[in-house]
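The values are calculated or read from the model by the stated rules, or taken from the named source; none is laboratory data. Note that the coordinates shown come from a computational prediction; the quantities given were computed from them, not determined experimentally. So basically every Cβ, Gly included, is an ideal-geometry build from the backbone, and we count neighbours across all protein chains shown.
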């Protein structure tokens, strides 16, 4: 009986160090990648000659796409507006205003869904009833898309929204000293 008890005690002390060595180290939580920047730009169906005085540049890929869609006269009423990362706040994109004798309401944008490989963006405004444009696109830098605001179609055409995914925002590598 004592032999069996002694064998049990020695066996236990022999196996404990082996069991401890066999455990994997607790994996450290991997840092989540920085979210990509998401930008929108609003184009309105207005003759550039009579459009807003502070017009933004319209990139060639946007011009080509709008012409394919039959929209020949338009102005960009915003530059590229970076959308906020908070899932609870919409971003103010355009304050609205009077263009070509039409009064437009403010425009807001919100990221409805952000996944590893795709993103869904919703832009709403232009009228008291809230006309909107939705787009679902690949979530990687360089991806771009254009959506129309069909509810706001007039004789001149309809508003369009361009979307662009950019790289993550750069963070300062060292603190700046503004007191020098």
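Could you please let me know if residue 158 is modelled with pLDDT under 95, in contact with a helix residue (DSSP H, G or I) (Cβ under 6 Å, 6 or more places away or on another chain) and more than 16 Å from residue 40 (Cα to Cα)? Talk me through it step by step, then tell me what you get.
On the way: modelled with pLDDT under 95: yes; in contact with a helix residue (DSSP H, G or I) (Cβ under 6 Å, 6 or more places away or on another chain): yes; more than 16 Å from residue 40 (Cα to Cα): yes.
Against the criterion (modelled with pLDDT under 95, in contact with a helix residue (DSSP H, G or I) (Cβ under 6 Å, 6 or more places away or on another chain) and more than 16 Å from residue 40 (Cα to Cα)), residue 158 qualifies.
Looking at (1) at pLDDT below 95; (2) over 23 Å from residue 92 (Cβ atoms); (3) within 14 Å of the chain's Cα centre (by Cα), find the lone condition where residue 168 falls short.
(2) is the only condition that residue 168 fails.
Out of all the residues in the stretch 107-122, which are in contact (Cβ under 8 Å) with a residue 40 or more places away in the chain and within 18 Å of residue 166 (Cβ to Cβ)?
Result: 109, 111, 114, 119, 121.
What's the number of the only condition in (1) at negative phi; (2) surrounded by fewer than 17 Cβ atoms within 10 Å (Cβ to Cβ); (3) more than 14 Å from the chain's Cα centre (by Cα) that residue 118 fails to meet?
(3)
Yes or no: residue 108 modelled with pLDDT of 95 or more, surrounded by 16 or more Cβ atoms within 10 Å (Cβ to Cβ) and more than 21 Å from residue 69 (Cα to Cα)?
Details: modelled with pLDDT of 95 or more: yes; surrounded by 16 or more Cβ atoms within 10 Å (Cβ to Cβ): yes; more than 21 Å from residue 69 (Cα to Cα): yes.
In short, yes.
If I ask for residues that are over 10 Å from residue 161 (Cβ atoms), part of a strand (DSSP E or B), without any contact (Cβ under 8 Å) to a residue 60 or more places away in the chain and under 12 Å from the mean Cα position of the chain (by Cα), which ones from the stretch 123-147 would you list?
136, 137, 138
Examine the stretch 89-103 for a residue that is on the phi > 0 side of the Ramachandran plot, in contact (Cβ under 8 Å) with a residue 40 or more places away in the chain and not in a strand (DSSP E or B), and state whether such a residue exists.
yes
Return the pair list, or none, for Cβ contacts closer than 9 Å from residues in the stretch 148-171 that are free of Cβ contacts under 8 Å to residues at least 40 places away in the same chain and on the phi > 0 side of the Ramachandran plot to residues that are surrounded by 16 or more Cβ atoms within 10 Å (Cβ to Cβ) and not in a loop (DSSP other than H, G, I, E, B), at least 6 apart or on different chains.
Listed by first residue and then by second, the contacts come to nothing, as the list is empty.
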